[in-house]
Amino acid sequence: MKMALRWFGSEFDTVPLWKIKQIPGVQGVISTLYDIPAGEIWEKSRILSLIDEIKSEGLLLLGIESVNVHDAIKAATPLRDKYIENYITTLENLGEAGVNLVCYNFMPVFDWTRTELARKRPDGSTVLAYNQGAVDKLTPEDMFSSLDSDFLLPGWEPERMENIKELFSLYREVTVEKLFDNLVYFLKAIMPVCDRYNIKMAIHPDDPAWEVFGLPRIITNLDGIKRLMNAVDNVHNGVTFCSGSYGTNRENNLPEMIKALPGRIHFAHVRNLRFNSPGDFEEASHLSSDGTFDMYAIMKALYDIGFEGPIRPDHGRMIWGEASMPGYGLYDRALGASYLNGLWEAINKQ
Ligand code: CS2
Ligand code: MN
């Protein structure tokens, strides 16, 4: 495996590359062109300068997270073929620049959802948290106006929220089955360009792993992901294994899922959660004993399947007075990377 950290680019990220470089064992970053809205083509010159910037700090660009998929593709509106063409052009430009890992998700309207950005833990650190009761009280119509003005998650940007009713209406007829078909349609269309440039697509699971706001969810458990792997049976159709997202559903056995997907996991997000009740969880530090998951068993499963792709810690706590994008500070993710590296070394020497 290659240890990585997510980096949103110098314009947006509070963490500079040189600090990431000082974390022992981190070989590179997973990055994106954060300013480009879903659906627009990524110019090759922009991709190349991103790569150069990262290289000049002694790090590698180990993959893209994310090239976001436009809602027209997810909901199969008449514009979907145009947006698929754009996606293909972006993949060509990435492929020509030598990028061969692309993470994306197929969640309608939103990316991951949390209800609190800074829940205080007994040690004074703050964490992202999710409470189903709080979600149940929100309706799409009043969602934006009822949120704090500083409540900003990826996918919840104010310009998108202004069109929230329209976005929801796109999905009125989209059942779970239709959403799955739309994903297969998209993947079949992009596989030729992925084959040509050896680009591994790695779908990120839905987070949380159940329907929120009545929107359909399809990548929530092993059955769903296996069904997708079989529907487009190509190594370039693969998975981002995110322990914290699949792990929101306590029925998902994380190490067993990893073992059931050999050769198809191209990227791993390894983080821990703490459950207070079935409908309430918060993000813990990466250490097993601080949360619910057996992090050793997760890393061991990745080791046992011969995982060679990037692993990154995910969603850190806010500690030591740091302020950053929600979940993406330096300190706790650096602790996470070191802990995961330590587990890997121990497994390797056993
Ligand atoms: C991330 C997601 O924070 C996370 O769990 O992994 O935001 C992820 O980047 C996207 O869903 C992938 O498209
Ligand atoms: Mn993740």
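Rule-based calculations on the coordinates, nothing more; no lab input. Fair warning: this is a prediction, and the values are worked out from it, not measured in the lab. Cβ placement follows ideal geometry from the backbone for every residue including glycine, while neighbour counts extend to all protein chains displayed.
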remark   = Share (percent) of C-alpha pair distances in the range 265-306 greater than 12 Å works out to 61 percent
message = How would the range 247-321 be classified by its alpha-carbon gyration tensor: rounded, prolate or oblate, with rounded meaning a/c under 1.5 and the a/b versus b/c comparison settling the rest?
response = oblate
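From Cα pairs below 8 angstrom and at least 6 apart in sequence, can you work out the relative contact order of the chain, rounded to a whole percent?
Reported as a whole number, the value is 18 percent.
Once a ≥ b ≥ c are taken as the square roots of the eigenvalues of the Cα gyration tensor of the range 1-85, is the result rounded (a/c under 1.5), prolate (a/b larger than b/c) or oblate (a/b not larger than b/c)?
prolate
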ask   = Using the alpha-carbon centroid of each, what span in Å lies between the range 175-243 and the range 3-37?
value = 25 Å
query = At L222 and D195, where each label point lies 7 Å from the Cα along Cα→Cβ, what is the point-to-point distance in nanometres?
reply = 3.0 nm
ask   = So for the chain, taking the charge dipole from beta-carbon charges (+1 Lys/Arg, -1 Asp/Glu), which of P205, G39, I23 sits furthest toward the positive end?
value = I23
remark   = Cα-based Rg and Dmax for the range 172-233, in Å, come out at 12.7, 39
query = What is the magnitude of the charge dipole of the chain about its Cα centre, with +1 placed on the Cβ of each Lys and Arg, -1 on the Cβ of each Asp and Glu, and no other charges, expressed in debye to the nearest 20?
reply = 900 debye
ask   = Of the listed peptides 234-242, 14-22, what is their order by residue-averaged count of other C-beta atoms within 10 Å, with the highest listed first?
value = 234-242, 14-22
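Please give the per residue volume of the convex hull enclosing the alpha carbon atoms of the chain, rounded to a whole number of Å³.
Hull volume normalised by residue count: 128 Å³.
Output the pairs from K188/K226; K120/K165; K19/K300; K200/K300 with a Cα-Cα distance over 26 Å in this structure; if there are none, say none. Walk me through the intermediate numbers first.
Details: K188/K226 16 Å; K120/K165 33 Å; K19/K300 28 Å; K200/K300 23 Å.
Over 26 Å apart, Cα to Cα: K120/K165; K19/K300.
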query = How far apart, in nm, are the 7 Å Cα→Cβ label points at D233 and V184?
reply = 1.3 nm
note = Farthest towards the positive end of the dipole of the chain, among T77, L187, S10 and with Cβ unit charges of +1 on Lys and Arg and -1 on Asp and Glu, lies the Cα of L187
inquiry  = What does the net charge come to around E322 if you take all other residues with beta carbon closer than 14 Å to its beta carbon, with K and R at +1 and D and E at -1?
reply    = +1
key: Computed magnitude of the charge dipole of the range 67-133 (debye, nearest 20; Cβ of K, R +1, Cβ of D, E -1)   = 420 debye
ask   = DSSP H helices in the chain with Cα extent of 20 Å or more along the helix axis and mean Kyte-Doolittle hydropathy at least -0.5?
value = 176-197, 331-349
message = What is the sum of charges, Lys and Arg at +1 and Asp and Glu at -1, for the other residues whose Cβ falls under 10 Å from the Cβ of G336?
response = +2
ask   = Quick one: if the Förster radius is 35 Å, what FRET efficiency do E211 and Y303 give, using the C-beta to C-beta distance and rounding to 0.05?
value = 0.55
remark   = Between the modelled labels at K55 and K82 (7 Å from Cα along Cα→Cβ) the distance in nm is 3.6 nm
key: Residue-span extension gain [F275 to N249] - 0.36 nm each, minus C-alpha spacing   = 8.3 nm
